[in-house]
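Okay, structure first, notes after.
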Amino acid sequence: EAGVAQSPRYKIIEKRQSVAFWCNPISGHATLYWYQQILGQGPKLLIQFQNNGVVDDSQLPKDRFSAERLKGVDSTLKIQPAKLEDSAVYLCASSLSAQETQYFGPGTRLLVL
Amino acid sequence: AQSVAQPEDQVNVAEGNPLTVKCTYSVSGNPYLFWYVQYPNRGLQFLLKYITGDNLVKGSYGFEAEFNKSQTSFHLKKPSALVSDSALYFCAVRLYNQGGKLIFGQGTELSVKP
């Protein structure tokens, strides 16, 4: 069974630029999550989707971050404009449902200069 | 507020010796508890979880964890450590009635020396 796919794996941008990350979850998984992992910390949930609807985006900085899962399968996370403090690894995870185990992708490492 | 604490930033163990990585939690309600492992430049890999039932949970790669409700702990253990176990370990908690959101500890780096 294929795991969670993410791209790109690495991205370097200047502050105030925009960037987008893509995630394709495990086939059949209805729930999709985006986490932000800052160096030396545990992952922190940014947004949770159930199919194509948002369940929890309370920790998403909505002035600069946006995410969508239009067809209830893959998802994109966008940052516009980026700040230095956005440098982190962005992890996508998926699960069959919100009550099931989450499986993580390899992450996208973002460096904002 | 719910929180998870991993009191040790780093644990050093000799190969073949038993290992323990500690985790304590603070939640209001019944917790679901998880352990994940992260290798360099890789995502998190699921190791094991406690939902209900037997307090001793067995997981992947010979790892196990013991749920202790009175001490609000969920320590990860392995009887005999391998060099290949060296990685970053995260404990996480989720409330059964609060969707899927995982709250993670800050991580413990495990180093197993030959």
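Measure up B:K22/B:K69; A:K15/A:K78; B:K58/B:K113; A:K11/A:K71; A:K15/A:K44 against 20 Å on the Cα-Cα distance and list the ones that go over.
On the way: B:K22/B:K69 14 Å; A:K15/A:K78 14 Å; B:K58/B:K113 24 Å; A:K11/A:K71 26 Å; A:K15/A:K44 22 Å.
From the list (B:K22/B:K69; A:K15/A:K78; B:K58/B:K113; A:K11/A:K71; A:K15/A:K44), the Cα-Cα distance tops 20 Å for B:K58/B:K113; A:K11/A:K71; A:K15/A:K44.
The Cα-based radius of gyration of the range A:5-112, divided by its Kirkwood radius, gives an Rg/Rh of 0.94.
Of A:W34, A:W22, which has the most accessible area and how do the rest follow, probe 1.4 Å?
Numbers: A:W34 0, A:W22 90 Å².
Greatest to least solvent exposure: A:W22, A:W34.
Remark: mean inter-chain Cβ contacts per residue of B:88-94 equal 2, using a 10 Å Cβ-Cβ cutoff to other protein chain atoms.
Measuring between their Cα centroids, the range A:94-113 and the range B:17-72 lie 18 Å from each other.
Mean per-residue shielding of peptide A:43-56 is 2, counting Cβ atoms of other chains within 10 Å of each Cβ.
Using a 10 angstrom cutoff on alpha carbons, build the Gaussian network for chain B and name the most mobile of B:N68, B:N17, B:N41. Evaluated over chain B, the most mobile residue of the options is B:N41. Cα convex hull, the protein assembly as shown: 125 Å³ per residue, rounded to a whole number. Largest accessible area first, the listed residues A:D63, A:D74 line up as A:D63, A:D74 when surface is computed with a 1.4 Å probe on the assembled protein chains.
Can you pull the percent of Cα pairs in the range A:53-113 with separation above 18 Å? Tail of the P(r) past 18 Å holds 43 percent of the pairs. Bridgeable aspartates and glutamates around B:K78 (alpha carbons under 19 Å apart, same-chain partners fewer than 8 residues away excluded): B:E8, B:D9, B:E15, B:D54, B:E64, B:E66, B:E109. For A:L113, the solvent-accessible surface computed with a 1.4 Å probe is close to 100 Å², ligands and nucleic acids excluded. Output the relative contact order of chain A, whole-number percent, from Cα pairs under 8 angstrom with separation of 6+ residues. 37 percent. Between chain A and chain B, the total buried accessible area stands at approximately 1600 Å², from heavy atoms with a 1.4 Å probe. Of A:K15, A:K71, A:K83, which has the largest mean-square fluctuation in a 10 Å C-alpha GNM of chain A? Most flexible of the set in this elastic network: A:K71.
Which residue, A:S66, A:S58, A:S87, has the most motion in a Gaussian network model of chain A that connects Cα atoms within less than 10 Å? Looking only at A:S66, A:S58, A:S87, the largest GNM fluctuation is found for A:S58.
The values are calculated or read from the model by the stated rules, or taken from the named source; none is laboratory data. This structure is a prediction, so every number in the text was calculated from the model and none was measured. FYI the Cβ positions are ideal-geometry reconstructions off the backbone, even for glycines, and counts take in every protein chain you see. To get the accessible areas, we keep the full protein, side chains included, count just its heavy atoms, and leave off ligands, DNA and RNA. Shrake-Rupley method; radii C 1.70, N 1.55, O 1.52, S 1.80 Å.
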